[in-house]
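Take a look at the structure below.
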Amino acid sequence: MSRPSSGGLAAAVISIGIGASLVLTGCSGSGPYVNYGEPTKSPLAEPAPSSTELPSNFPANFPLIDRDVVIAYDLGTGWVVWLKSSNPAHDFTSATDALEAAGFTKSMSITDSSGSHATFAKGPLQVQLSAGKDAQYGESVAYTIYRTE
């Protein structure tokens, strides 16, 4: 293995330094970069309005298992729904079966010490399904549903 010459290493360090200074200068608003003002807070930085009822725009034909809603809210790009479960492993299997019966395709599934997790997709919807014991909500099944269109 050959060692780079000190000239080549110095050139690389200088190039990295110039690149970093251009990026930092661009962030300060000088140069050809546009200053868009102060960043806004992420909508998830604030507590989302939540309820123990499904949001009014939740898809009526979405295959949720029949359990009590612990919390549900509209993300704007989809929904989050947590359901109470007395047997998360069983309910995860039931939720998986219901999604697949409704035409959702499973792309990943894993069970580990934190619980069971899977991802599904159908048309413009992607679903992250989790089941286990949550520190805040206890034993539960959680659906995070994203619209991709």
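The numbers here are math on the coordinates, done by the rules we state, and not lab data. All of these numbers come straight from a predicted model, not from anything done at the bench. Don't worry about glycine lacking a Cβ; one is built from the backbone with ideal geometry, like all the others, and counts go over all protein chains shown.
Shape verdict for segment 105-145, please, from the Cα gyration tensor: rounded (a/c under 1.5), prolate (a/b greater than b/c) or oblate.
oblate
If we count other beta carbons within 10 Å of each Cβ, what is the order of Glu100, Glu53, Glu149, Glu139, fewest first?
Lowest count first: Glu149, Glu53, Glu100, Glu139.
Arrange the following residues from fewest to most other Cβ atoms within 10 Å of their Cβ: His90, His117. Walk me through the intermediate numbers first.
Values: His90 13, His117 17.
Ascending Cβ contact count within 10 Å gives the list His90, His117.
Provide Phe58, Phe120 in ascending order of the number of other Cβ atoms located within 10 Å of each residue's Cβ, fewest first.
On the way: Phe58 16, Phe120 23.
Ordered by Cβ neighbours within 10 Å, fewest first: Phe58, Phe120.
Using Cα positions and a limit of under 16 Å, work out the aspartates and glutamates in reach of Lys122, with same-chain residues fewer than 8 apart set aside.
Here the aspartates and glutamates satisfying the reach criterion relative to Lys122 are Asp97, Glu100, Glu149.
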